[in-house]
Protein chains: 2
Amino acid sequence: MRGVFLHAPGDIRVEHRPDPTIVEPTDAIIRLSATCVCGSDLWPYRGIETVDGPAPMGHEYVGIVEAVGPAVTTIKPGQFVIGSFFASDNTCEICRAGYQTSCLHRELIGAIGTQAELARIPLADGTLVATPDVPPDDLIPSFLAASDVLGTGWFGAVAAEVGPGKTVAVVGDGAVGLLGVMAAKRLGAERIIVMSRHAPRQKLALEFGATDIIEERGDEGAARIKDLTNGLGAHSVIEAVGTRESMMQAVHATRPGGHIGYVGVTHGELPGDQLFFSHTHLHGGPAPVRRFLPELIDLIWNGEIDPGKVFDLTLPLDEAAEGYRAMDERRAIKTLLRP
Amino acid sequence: MRGVFLHAPGDIRVEHRPDPTIVEPTDAIIRLSATCVCGSDLWPYRGIETVDGPAPMGHEYVGIVEAVGPAVTTIKPGQFVIGSFFASDNTCEICRAGYQTSCLHRELIGAIGTQAELARIPLADGTLVATPDVPPDDLIPSFLAASDVLGTGWFGAVAAEVGPGKTVAVVGDGAVGLLGVMAAKRLGAERIIVMSRHAPRQKLALEFGATDIIEERGDEGAARIKDLTNGLGAHSVIEAVGTRESMMQAVHATRPGGHIGYVGVTHGELPGDQLFFSHTHLHGGPAPVRRFLPELIDLIWNGEIDPGKVFDLTLPLDEAAEGYRAMDERRAIKTLLRP
């Protein structure tokens, strides 16, 4: 089969690799209906994270089950399934508490690489969720979004304790930030302030439910949010970037006692005293997308949300390199790849 | 009157200073029944925080009201009162949300200095809480503890979401950590693990409700807590030190999805990626002691808790320098000063 590899920063290639096979009795093999490039794939692409290339890429996936191992009981060949970027047993105490991305038996899907024609998914029963039926083609982008960016934005909103009557600020206008807006809207937020300087992203944010757009960044951006909230700051802030600057922007935009949901993979060091005196609640980490999948699948299946709109570029898998470039240069919000 | 000043690291002196007077119509003047030395006073004493000496010291206080300004309506001369280390109006939106130490009109009591015979307390109606009557002498240490260390330990436990059935770990065996144990016990924790190497503190921890004592520190200490919790980590961790090492010990001792209440004034930088991947909830900051004062005063007045036991050294105000030395050298847990 063909699969995407990162050889070195900026060097994406589509190459032949062996078809995956069942290794563990709990595995499933899926044929990808669609896959995509994640904002977090840009960290190694840009050389900010070390690359030990050639590394298989991709951790977002939807597809049709081709085969399952002998211990798999709930997932069956022919089903259309969605999973998250960590395989999880969904039965351990940590999973049952809703933190499947910290499952005691978790396996990183990114190490397998789902930007490919086929993928081996470990712990299939705990990881994969099937749709009620094989969906029509036009729903595939939305289900693919549920595999990571929608679930991650959703977790950001839940971690930030978004709820009715609250003012929410969103730091980051990538797919996760934009879908954080969608989640905040669904969770009943009264006001949703998005930080963005990019017209197409601003437009999508407004479509997803944003009430205010702020173009300022850093301390200035945080000050603007205070201006809009009687000098207090937002009740809930979703941080969807992961730099020190964006984290501190989130911290300074939150009122004392408010909540930050941080879902951008945090890089660098954070000043302890500023966290301490901010009086905020901080919660986040790798989103336990599996927790939200059943609900998100329902919402998409019933046409209540359309998160697939974050894909503004669709390419065949063979053109993955252009898909990365377009996102790196911010020409595309998110690239969908058709194997 | 006499008051304590820090001239330079290690240089504590008791000197004459003018009696305080009513400055704002919302002020009260109290005559200190007792005051004390705080763990956080040791940061400048040790030169870890810059001292611009001579600086008046002390922010913990109980005493009898001598005079009130014309705008004070609920606090009256003759009452025995307790307040916290930030004066607060207790009416703004942030106070009403329970974060009085981030009150929009807060004033730092430490800048006034309560290691003295008299003190001016701003925003008296919002800051001070009176006991039902002037208490007997033997209750004074417990009420003094409520002014900071008890309220801070309590906030640590509440921020760490301590509750029935939970396993709680406490990092730090100073007065705040020990009273965090007391709070955890009162809040229904099933198991309370305390990290301490110091026999008298271990004894007090056990008396306050600790079920396990761990002598290991850092990564080893965190690993021991994982051992005691089926490899998962504690549900709730109270961090009562404030160094990078102690914070990361708390982070690594908490299970994914668990809660850290951090109340040691955080110094230095924290690694963003480790916070992110820990999947913990982080909440803390300067404890809004005022939120808890009415409840804590009731518990003490009714003899249900005896937090005054953390004072294992009582000295006249004039011997404040020895009080600081004893705490610095860990000969005393906490020093009470009698003006």
Quiz item: Can you give me the Cα centroid spacing of the stretch A:125-163 and the stretch B:8-57 in angstrom?
Solution: 56
Quiz prompt | Mean separation of Cα contacts under 8 Å, 6 or more apart, over the residue count of the stretch A:150-284: relative contact order % | solution = 26
Practice problem: Give the span of the stretch B:227-334's Cα atoms along each principal axis, as three whole-Å numbers ordered largest to smallest. | Solution: 50, 34, 28
Quiz item: What is the mean number of Cβ atoms from other protein chains located within 10 Å of the Cβ atom of each residue in peptide A:261-274, rounded to a whole number?
Solution: 5
Quiz prompt | Efficiency of FRET from Cβ geometry, residue A:31 and residue A:304, R₀ 35 Å, rounded to 0.05 | solution = 0.80
Quiz prompt | Zone of residue A:64's modelled label, taken as backbone nitrogen in the stretch A:8-36 under 18 Å from a point 7 Å along Cα→Cβ | solution = A:20, A:28-35
Practice problem: Determine, from the Cβ-Cβ distance of residue A:117 and residue B:215 and an R0 of 45 Å, the FRET efficiency 1/(1 + (r/R0)^6), rounded to the nearest 0.05. | Solution: 0.20
Quiz item: Within the stretch A:26-41, whose backbone N sits under 20 Å from a point 7 Å along Cα→Cβ of residue A:318?
Solution: A:32-37
Quiz prompt | Separation in nanometres of the label points that stand 7 Å from Cα toward Cβ, at residue B:295 and residue B:22 | solution = 3.4
Quiz item: For the stretch B:152-284, taking Cα atoms only, what is the radius of gyration to one decimal and the Dmax to the nearest whole Å?
Solution: 12.7, 38
Quiz item: For chain B, what's the relative contact order in percent, using C-alpha pairs closer than 8 Å and at least 6 residues apart?
Solution: 19
Exercise. Take the alpha-carbon positions of the stretch A:28-183, form their convex hull, and give its projected area averaged over all directions (one quarter of the hull surface) in nm².
Key: 10.7
Quiz prompt | CD proxy at 222 nm, helix term only [per DSSP H run n ≥ 4: -39500 (n - 2.57); per residue of chain A; nearest 500] | solution = -8500 deg cm²/dmol
Exercise. Would you list, by chain and number, the lysines whose Cα falls below 30 Å from the Cα of residue A:309, excluding same-chain residues fewer than 8 positions away?
Key: A:76, A:166, A:185, A:203, A:334
Practice problem: Between the alpha-carbon centers of the stretch A:175-226 and the stretch B:312-338, tell me the distance in whole angstrom. | Solution: 53
Quiz prompt | Ellipsoid semi-axes in whole angstrom, largest first, where each is sqrt(5λ) of the Cα gyration tensor of chain B | solution = 33, 21, 19
Quiz prompt | Backbone N under 16 Å from the residue A:273 label point (7 Å along Cα→Cβ), restricted to the stretch B:256-283 | solution = B:264-270
Quiz item: Taking every residue in A:48-55, how many Cβ atoms of other protein chains lie within 10 Å of its Cβ, on average?
Solution: 0
Quiz item: Hey, got the Cα dimensions of the protein assembly as shown along the principal axes, in Å, largest first?
Solution: 85, 49, 41
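No lab work stands behind these numbers, since they all come straight from the coordinates. This one's a predicted model, so the numbers in the text were calculated from it and none came from an experiment. Note that we place each Cβ from the backbone using ideal geometry, even for glycine, and neighbour counts take in every protein chain shown.
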